[in-house]
1. Through the Karplus equation 6.51 cos²θ - 1.76 cosθ + 1.60, θ set to phi - 60°, convert the phi angles of segment B:120-132 into ³J(HN,Hα) values in whole Hz; use x for Gly and Pro.
2. Which whole-number percent is the relative contact order of chain A (Cα, under 8 Å, 6+ apart)?
3. Using the per-residue mean of other Cβ atoms lying within 10 Å as a proxy for protection, in what order, highest first, do the peptides A:298-306, A:485-493 fall?
4. Give the percent of DSSP beta bridges with both residues in the protein assembly as shown that are antiparallel, rounded to the nearest 5.
5. Using per-residue counts of other Cβ atoms within 10 Å, averaged over each peptide, order A:51-60, C:342-351, A:466-475 from highest down.
6. Report ³J(HN,Hα) in whole Hz for each residue of segment B:50-58, in order, from the Karplus equation J = 6.51 cos²θ - 1.76 cosθ + 1.60 where θ = phi - 60°; Gly and Pro get x.
7. With contacts defined as alpha carbon pairs under 8 Å and 6 or more residues apart, what's the relative contact order of chain C in percent?
8. For labels at B:A49 and C:A431 in the simple 7 Å Cα→Cβ model, what's the distance in nm?
Amino acid sequence: MQSASLFERALVVPAMRDAVFKLDPRTMVRNPVMFTTAVVATVATVILVRNLSAGTGDPLFEGQLVFWLWLTVLFGNFAEALAEGRGKAQAQSLRQTKDQLVALRIGRNGATEQIPATQLRFGDLVLVCEGQQIPADGEVVAGVASVNEAAITGESAPVIREAGGDRSAVTAGTTVISDEIRVKVTAEPGSGFLDRMIALVEGASRQKTPNEIALTILLTGLTLIFLVAVGTLPAFAAYAGGSIAVPVLIALFVALIPTTISGLLSAIGIAGMDRLIRFNVLAKSGRAVEAAGDIGTLLLDKTGTITIGDRQASEFVPLPGVAEADLVAAARLSSLADTTPEGRSIVALAGGGEDLPANAEPVPFSAQTRVSGIDLPERIIRKGAVDAVLKLGAHPEAAVADLRRITDRIAQAGGTPLAVVENDRLLGAIHLKDVIKAGIRERFVELRRMGIRTVMITGDNPLTAAAIAAEAGVDDFLAEATPEDKLAYIRKEQAEGKLVAMCGDGTNDAPALAQSDVGVAMNTGTQAAREAGNMVDLDSDPTKLIEVVGIGKQLLMTRGSLTTFSIANDVAKYFAILPAILVVLYPALGALNVMGLSSPSSAILSAIIFNAIIIPLLVPLALQGVRYRPMPAASQLLRNLAIYGAGGVIAPFIGIKLIDIAVAALGLA
Amino acid sequence: MTYLLPSLRLWLVTMLVCVVGYAALVYGLAQTFAPYRANASIIEVDGRAVGSELVAQDFTSAGYFWPRPSAADYDGMGAAGSNLSPTSQDLAARAAETVARYGATPDNPIPADLVAASGGGLDPHISLAGALYQAERVAEARGLPVGRVRDLVQDAAFAPGSIFAPEPIVNVLQLNLALDRLAQ
Amino acid sequence: MFTAILTVILIVGGTALLAWPLGKYMAALFSGRFAAADGIFTRAVGGAPAQDWKQYSLALIAFNALMFVFVFAMLALQHALPLNPDGQGPASLDLVFNTASSFTTNTNLQHYSGESTWSYLAQLGGLMWLQFVSAATGIAALAALARGIGEQASMGNFFLDLQRASFCVLLPLAIIVACFIALRGVPMTFDGAATVTTLEGAVQTIARGPAAAFVAIKQLGTNGGGFFGPNSTHPLENADFWTNCFQMVSLIIIPMACVWMFGRMIGRIKHAGVVFGVMAVLLLVKMTAAIGFETAPTQAFADLPVAQDVGNLEGKELRLGATTGPLWAVLTTSTSNGSVGAMHDSLNPLTGLVPMAGMWLNETFGGVGVGMINMFLYIMVAVFVAGMMVGRTPEYLGHRVEGREMRLAVLALISHPVLILGGTALFAATAWGAGTLNNAGAHGFSEILYEFSSAAANNGSGFEGLGDNTVPWNIATGLVMLIGRYLPIIVPLAIVGSLMAKRRSAESAGTLSVEGGTFGVMLFITILIFGALTFFPAAALGPVAEHLTLMR
């Protein structure tokens, strides 16, 4: 999926327009702090108008205050609109796709009729032919077809979809590029994958996450505290025999309440989801994204995640008394017709070259015998799993024992042995080696530093699994894993108080996906799996789970860091505004004007200008997220505290001073 | 009801133990082992109670050492501080009166404790410097050699908290009693 | 300066050492390690079933209501009751309300002078009793909180806890302290006032009474209510330097021990260490500031021929040593004690700001039990913000901190500035406050601000120049004390009740550790931001304005 650059004109202009529309009180009230800001800005406006008509007050100063107060509100709205806007463009194209869809519905009598896709109901059968778009989410009930899913995933390489098994799910909006399939509709109109995706990228169905709710409460609490701190000032001033103008009080109030983080809060949330989407992972809720940051245990499938999907032949081990050349030749012959990566790697290891002899009859792998091979005149060569090969015929006990010894050794080394037999003579074994992905070991070290345990899930026997686990550096493994084992493992981890993430694709993964706290379903997986998980990976790349964790953490970190920054700003704002307000009551309090701001009104104006423009200045940070590098929590905290806490104290001192110089130079106050 | 009955029983046991038992025990021990202290350190001269060792009393005649100013006018039933801010005009005015009473001059400044009122208004002590400051007046009024009075003051001076509060102080009542004894 | 450092080391360092074994003992006590005593206590109240947070809170409220009603009646009827040798007459009902609230809430704000207002029975049977049981209430609440966080099934039983705190913690320590100070000169008698004829022939009546017993528990239970009007500046309440040291130690020892007790009960001694460290640093900062500011001589004497070489002496007692005033002022307002060893009203302006800041924060060790409970609220906020900053849903010791907990914590934290600033605004702008001042200008404002700070923080000290025995003051501070007491006790129990119900998550390298220095820094900052920033304008208009305007 394409993403727009941050401040693209096409995004900024509509966002500015939306910022104004978002002034609707019904929308504003969702964000109590910004709503409060808007309310007091309204009050300040009313006072300004009244003063203007009465000819009292300082219209230039008060006018500027009102202007910047409203700008503060608008900047907050703008940040949210901009974050939403980036999703909207994507949603637009998705919606177009959806609106154009037509369906060939198969009636009871077998006849087809063409109807708009929106009329399809759950359980309808549709026919999709070559070149047509699939009209609704469903399951292939007959046929096999290659499907281009670029509309959803942005990936143009076609994938195979066929009836039965784990590759039966199809998604509305994708295109059949060969053959035809019959699809049973599994989604009601408006609740399909495409609809959900549109809602997600638009942020329309965005609900506040528990963490966002809690933070909003904290920020509202701070607002109330400062309401009291500022609201009591007139009484204090009255005691000292003076008074403070209401617009000035409003300026102080708005400067103190956490407008910065509140203005950026929803943008941060939307941007977090957006980062995932750009990463081709769809989270079904913001909650799932945050949960990803809390993961304590990561369940990873061995194949494709820890090892590259295919095993490579690494060694030929002949039985005692068998010449290695015989084994190599037999292995090569038997693999010549085998186009799987494993087969090709055997041929390559055996020296390559030479075509299949003309009189050869390849025997493909079959699920019944679980062996493959080649028939030549006088020579029948088979290779396959050890047990399967031994089942083909009787062999001398000594030879079997020798073979077992060899294969056990291979298994212990983390490899998979393939036995090779020619006619009735056991020749030896091929060592197929799992190849650990480059760099994966380092990733696990990183994860461990983040406090995340990695668990390898594999169908291999415990010996092989242990060897690979050690080589890859995972913390634990689950060998010969059945779906029930996975489920049990997840429950056990959860009982120990850990949040568990896993990815899966098959229907049999569905329970485990549903049980896990973060379940990433592969887009190539079954409908059941996609329903059970709370994220869908459009690229079907299980390694991504690791990045997803990072994105989740980044989301929360951005929120926390900007909260800290926002609150830390208050120190400088106090020192800017308070002396300006109080100096009329006690002239000596001018000593608190540590920044040496040029005049009281300039000080107030500068603080409120800083307060407003810091929001758009921080938009890039809010949208991109604070930089996240895996490290222990304590160092992470120290780092962010130094940058956003100390920075938050210092930055406004400099910013307000600079603005004050500009304001004074321009004669604005 | 679930909570009322246990609350009442709790009231009874805490009252018996923490009030009746505790007060009786402390009373018994204090009256047995330190009856003088337990009854407010009342000093008797010839069977007549002349004051408490720990409570300042007013001295105005020139022949006695004067205690620190008292915002409570040395009322043993209504002790109080001035509660004036150090920046207060009223305090400055009061201090000016005191200064005038002692006749302090810039060449002979008065030690601050003689000008500043104590917290309870019953501080029985003055600083050694404050006592020495008054020695001349007292000696003159009593017709004693100044050196004699100074010696008396030095003898009465003590550090209230050894190394933690080494600035020496003098108990005014005891010093004045010693003066009277000297006269006899 | 040297003696100041020595004194601080003696008092604070010495107490910190003593607090460690005391905390260990208290943790054992509240973990039910003393079965025989628990058996007696259980029989005394007719059974002690396990309580959840609601039942525990209700029991606490019920008993505290009884405390209030009983003492209200006793004070109101004192003139008709025995043990009244000085013949104290009836007190006004608003003063009775204020005093009953004040001692029930462990505040001990006193709008009266004890020696001229209450009978011995009222002082001992009413006020001193409350000094025991109100302090025990705070300790009990902390024990319940710790049990909840420490993953126990129930919060314990209030009636049992209150007896443990009263009989096994407060009483033995009170006996030791009372006997010591009685030996050094604090009276313990039931005879009425002594009448003496002074050397100059005047008659002086000297109030006395069973002060030693009263003073001991006043300090140990962070109550602070003096037997005599001027509290521990009165020579019969604080006879010499050593009673002064003993009183300072006893006013801070249980609050310090409470931190260790909490740490042990939740099984996180290192966490308690961090909390203790943060409190100690705050305390140290305040002590340094106060002692430093108080070395400035009395401004009012500046134009007079007065030799000022030991700082500001107005309102201070010579026998207690030069640094005692500010040191005590810090200790008594850091804990919610409120007894005074020097007149706070007469402290230098910026020195006077330090005790106020202590009451605004209200958790640098704080009141017995409740200081740690207040700290718990700050910890909630700190873990919430810090948790996000490390990229995780915030959690405290494996308990997730979410909307409900935040709402409650914020409610309790907001109540403090609302009570203080709201009350100050009302009284500063009206004759209720402005008509009762002893000092003019900014210092007068400070008197009002201090009074509400003291009431809301359940401290009880005052800028005592304030003429606060009026109907508005009595009613307003009475209400503020009640809200300021029970909200911050019940709300944390509710928070823990809510945390207890959640699935507890395991800790790992990715979890925010609450046991390290980094978290300590975070907590420190949170306290300053939430506790102090709100009060910045008020501080500027009170002590800061006075200092900048009048001090030279």
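1. Per-residue couplings from phi come out as x, x, 10, 4, x, 10, 10, 6, 4, 4, x, 6, 4 Hz.
2. On the way: 1257 pairs, mean separation 99.2, N = 669.
After rounding, I find 15 percent.
3. Values: A:298-306: 24.1, A:485-493: 18.6.
Order by mean packing, descending: A:298-306, A:485-493.
4. 75 percent
5. Numbers: A:51-60: 11.9, C:342-351: 28.6, A:466-475: 19.1.
Listed from highest to lowest mean packing, they are C:342-351, A:466-475, A:51-60.
6. Whole-Hz 3J(HN,Hα) from phi for segment B:50-58: 9, x, 9, 4, 9, 10, 5, 10, 6.
7. Numbers: 1000 pairs, mean separation 101.3, N = 552.
Worked out over chain C, it gives 18 percent.
8. 4.3 nm
The values are calculated or read from the model by the stated rules, or taken from the named source; none is laboratory data. None of these values were measured; they are calculated from a predicted model. As a convention, Cβ positions derive from the backbone with ideal geometry for all residues, glycine included, and neighbour counts pool all protein chains shown. Calculation scope for accessible area: heavy atoms of the full protein, side chains included, ligands and nucleic acids excluded. Shrake-Rupley method; radii C 1.70, N 1.55, O 1.52, S 1.80 Å.
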